[in-house]
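See below for the structure under consideration.
Throughout, read-outs are computed from the coordinates displayed, never taken from laboratory work. Note that the coordinates shown come from a computational prediction; the quantities given were computed from them, not determined experimentally. Here Cβ is always computed from backbone atoms with ideal geometry, including for glycine, and neighbour counts include all displayed protein chains.
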Amino acid sequence: MQETARYQNHVDGKWHPTAAEDIQVTNPATGNTVATAPATDTAGVAEAVDAATRAWHTWRWTQPAQRAEHLHRIAHVAQQRADELARSITREQGKPLDEARGEVTKFTKTLHYYAEEATRVFGRTIPNEEGGYLSVVEKEPVGVVAAIVPWNYPLELIGWKLAGALAAGCTLVIKPSEHTPGPAHEVFRCLEDAGTPAGVANLVHGAGETGKALAAHPDIAKVAFTGSRTTGEELYRTVTGITGLTLELGGNCPMLVTSSADLPAAVRGAARRAFRNAGQICIAINRIYVASPLYDRFLHELTQATAALRVADGLREPSADVGALTMREIGQRTADHVADAQTRGARVLTGGGPAPAEQGGRFYPPTVVADVPRDAKLMREETFGPAVGVAPVDDLHQAVHHANDTPGGLAAYVYARDVEDIFTASRAADFGNIAVNNVDAGIINAPYGGRKQSGTGYEHGPEGLESYLHLKHIRLRHGS
């Protein structure tokens with residue numbers, strides 16, 4: 001039996017023991033307590049921000065090539081510890097171990113990518129109307145960053161913020177989710193072994209009150225947050241003065257299957273993106289609109305593909321398709337959305353059932369619901385669990401209209417072989433990311449962000465680094 005881990009904050013290059021171990025962390029596949037973490041108070045948050053502020057006055061002046069070396073070293077150490085990192089994810093978050101190993105790979109790739117981007121931050125010169133003058137535009141780091149990270153990708157999403165901020169010359173304080181503190185703990189072990197300067201990155205554990213205290217600190221120049229829309233709105237109201245914000249707040253993402261689609265490919269894509277990580281992904285497919293001529297066949301094949309998915313404890317069966325749900329309320333919400341659809345005339349083709357029990361493993365079967373009306377919760381709200389609603393549409397214009405008719409705008413998926421269908425759908429869909437004939441809406445070297453109530457700002461790509469920089473205009477009279 002594994003001993004319960006006791007996590008600590010990491011501030012100014014040192015582990016900080018604390019008497020407060022108020023947060024218990026459970027393994028969602030078993031219900032057993034696997035760790036405790038402190039609920040950091042306002043004083044603890046202030047200590048971490050002070051350390052990051054002191055470090056920033058040095059780190060901001062390091063050469064980009066030096067920052068790049070640090071990020072490469074962190075990535076190399078993390079890769080050597082890939083199995084430890086992956087196990088920490090599965091033990092606390094629930095996804096299968098093989099899937100967690102993929103998350104470790106994405107984490108290290110992000111570090112390597114932004115290490116290279118750090119050396120490609122360029123300003124520009126601007127001619128003036130008058131002779132003897134020159135304008136120089138420089139880019140500088142914004143300052144100390146509060147990075148607040150969710151539980152569904154507890155390692156990869158640290159990487160997005162850590163890599164972008166450090167590459168830009170910022171320092172940061174990271175607050176992981178109280179449900180998954182372990183991966184962050186392992187990251188800071190990697191930072192130590194990679195020789196990261198003290199105070200450049202700091203770790204505080206805690207729940208919502210800790211996050212609010214961090215976002216509200218007057219020395220925080222920018223908040224980078226990924227999580228629910230409700231929490232994002234609270235942080236928006238919490239920040240002090242003029243604080244920069246990058247908010248990625250989820251979606252309720254649609255998939256459009258047109259009459260020209262490659263149907264087997266669409267089925268494979270739907271089964272993957274609706275149920276990977278048990279549907280606990282901001283860009284998971286929540287709702288599918290299928291051209292009427294393909295509807296019955298699509299339902300039949302998606303039901304078969306979904307029923308074949310293997311649900312299991314991700315530590316015991318590393319190659320399982322679907323693991324445990326991180327929190328019980330996700331199972332409850334999924335069951336509620338499915339039941340609501342049924343009361344409105346929808347049909348459950350596979351899966352369904354009540355929410356997982358309070359004790360023991362939190363598993364919910366991947367669920368396909370057919371004939372779901374537009375006013376059902378399954379089509380209107382983000383389920384964030386392993387259920388997908390499917391409905392027929394008369395044509396592509398109706399599909400796009402239904403897709404756009406929700407507050408979110410993070411990602412949409414289109415399956416079509418007709419060029420006109422592809423461009424009509426991808427241009428008319430009001431989403432920040434459109435994946436056509438694939439279900440990987442985000443890649444590290446292209447911008448990733450939402451519209452409407454799915455957030456503001458961008459991560460990934462050069463834009464993900466630029467969000468940690470601001471501009472300075474220097475107008476020089478040289479007299480030449």
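Only alpha carbons enter this Debye calculation for segment 307-360, each as an equal point scatterer, and the log10 of I(q)/I(0) it gives at q = 0.24, 0.30 Å⁻¹ is -1.03, -1.16.
The share of Cα pairs per 5 Å bin across segment 364-468, counted from zero up to the longest distance, runs 2, 11, 17, 22, 21, 14, 8, 3, 1, 0 percent. Neighbour counts of C-beta atoms inside 10 Å place TRP15, TRP151 in the sequence TRP15, TRP151, starting with the fewest.
Residue pairs exceeding 30 angstrom between C-alpha atoms, taken from LYS109/LYS139; LYS14/LYS106; LYS175/LYS452; LYS95/LYS139; LYS95/LYS161: LYS95/LYS139. Here segment 253-443 is treated with +1 on each Lys and Arg Cβ and -1 on each Asp and Glu Cβ, and its dipole about the Cα centre works out to around 420 debye.
Values of log10 I(q)/I(0) for segment 87-212 across q = 0.12, 0.13, 0.17 Å⁻¹ run -0.52, -0.59, -0.88, by the Debye formula with one identical scatterer at each alpha carbon and no solvent. Computed on segment 253-443, the Cα convex hull volume stands at 106 Å³ per residue.
Between ARG272 and GLU234, the modelled label-to-label distance comes to 3.5 nm, taking each label 7 Å out from Cα in the direction of the beta carbon. Over the Cα atoms of segment 34-75, the radius of gyration divided by the Kirkwood radius equals 1.17; this is the Rg/Rh ratio. Using alpha carbon centroids, what distance separates segment 239-253 and segment 319-397, in Å? Cα centroid to Cα centroid, the span is 27 Å. In segment 253-443, the DSSP beta bridges split such that about 10 percent are antiparallel, to the nearest 5.
Angle, helix 419-428 long axis vs. longest principal axis of the chain, Cα atoms, 0 to 90°, nearest 10? Here the helix axis deviates by roughly 60 degrees.
Axis angle, to the nearest 10 degrees, between helix 328-343 and the longest C-alpha principal axis of the chain: 40 degrees.
Sorted into 20 angstrom bins from 0, the C-alpha pair distances of the chain split as 24, 53, 21, 2 percent.
Helix 229-238 and the long axis of the chain differ in direction by around 30°, with both axes built from C-alpha atoms.
Listed by chain and number, the aspartates and glutamates placed with their C-alpha closer than 15 angstrom to that of LYS472 are GLU138, GLU140; residues fewer than eight positions away on the same chain are left out.
Counting neighbouring Cβ atoms within 10 Å and putting the fewest first, the residues ASP12, ASP440, ASP394 line up as ASP394, ASP440, ASP12.
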